[in-house]
Amino acid sequence: MKGYNAAMKPLKQTTREDYARRMMTVLNYIEAHLDEEISLEELAGVACFSSYHFHRIFHGMIGEPLKKYIRRLRLERAASRLKSSAFSVTQIALEAGYDTHEAFTRAFNGMFGMAPRDYRENYSLLDANNHKTIHFTIEAGTMKVDIIEMEPMQLACVRHVGPYHECGKAWEKLCLWAGPKGLLRPGIQFLGLCFDDPEITPPEKIRYDACITVDPDCPVDGEVYLQQTEGGSYARVTHFGPYEKLSQTYNQLCGQWVPAKGYVIASRPSIEMYMNSPEDTEPEDLITDIFIPLE
């Protein structure tokens, strides 16, 4: 055959699962360095991809160009800050990587259909005149919030991208992987890492990790990858009832309790710790501890 060389070196090959793991490393790196300037070459090096083709790889696997993906995450975080903090619009614009108020306003308006100040006025859950006397309730009882120091946790995870109510597929993959390895033993914890606010992020782009606690040297394969949660201060509240109503507890915790107490929510994922299983528990009897990271 023309051009064929019998002594040609065999082409390097890798698996689809390895590509997925390496891309997860990139996404985690972006999320951890969202306040910094991140170059294409830097991210390509993180994943050991060719920098020449990395943009095409990223766009093809994630469905968005790299710069658009990073810009969207920063604007979604800015929207969250507008809802749940007293930071000025200018300060939030600078955190989002915009040098001027005008540039931030144009970008924010293009994504959310309104100016940042209008968004804050329309979506804020905090009554600035009365927030000192708000009573926090979750249906039958008063909201009890604890401030705790959480140690880092080593987790085996499967990433889900899409509406929260469809995350069962990720849990099924994780449990099918962990069960035969004897990892679903007494004492492990089942957690969800929630990266996005469903009132801000489009449903099809919401990121959620289904996780179990594992030993640091636990080997992984397939779609399962390891990550470690960041230790630090968290506000913890217990949600009683169906998962479908978790958003009500989040709204009261983030939109009322946090601003009233003067805390600032950190740019890390919230954590849901599932204290019982929906497989053998009625929805109204489910117990979920919610942890919101604080700066």
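Quick notes on this structure:
- Computed packing ranks the peptides 76-89, 219-232 as 76-89, 219-232, most packed first, by mean other Cβ atoms within 10 Å.
- The chain, accessible surface, carbon-and-sulfur percent (1.4 angstrom probe): 53 percent
- Modelled this way, with points 7 Å down the Cα-to-C-beta line, the labels at E31 and V264 are 2.2 nm from one another.
- Sequentially through segment 229-239, phi angles give Karplus couplings (6.51, -1.76, 1.60; θ = phi - 60°) of 6, 8, x, x, 8, 9, 8, 10, 9, 9, 9 Hz, Gly and Pro residues having no value and appearing as x.
- Solvent exposure of the chain amounts to 56 Å² per residue of accessible area, where only protein heavy atoms count and the probe is 1.4 Å.
- The chain: relative contact order as a whole-number percent, Cα under 8 Å and 6+ apart: 18 percent
- Cα-based shape type of segment 229-277, given that a ≥ b ≥ c are square roots of the gyration tensor eigenvalues and the cut on a/c is 1.5: oblate
- Debye-formula intensities of the chain, expressed as log10 I(q)/I(0) at q = 0.10 Å⁻¹, are -0.62 (one equal scatterer per alpha-carbon, no solvent).
- Cα gyration tensor, segment 150-237 - rounded (a/c under 1.5), prolate or oblate: oblate
- Projected label points at M114 and E244, each 7 Å from Cα along the beta carbon direction, are separated by 2.7 nanometres.
The values are calculated or read from the model by the stated rules, or taken from the named source; none is laboratory data. Small disclaimer: the values here were computed from a predicted structure and weren't measured. Ideal geometry is used to build each Cβ from the backbone, glycine not excepted, and the neighbour counts take in all protein chains shown. What goes into the accessible areas is simple: the full protein's heavy atoms, side chains included, and nothing from ligands, DNA or RNA. Shrake-Rupley method; radii C 1.70, N 1.55, O 1.52, S 1.80 Å.
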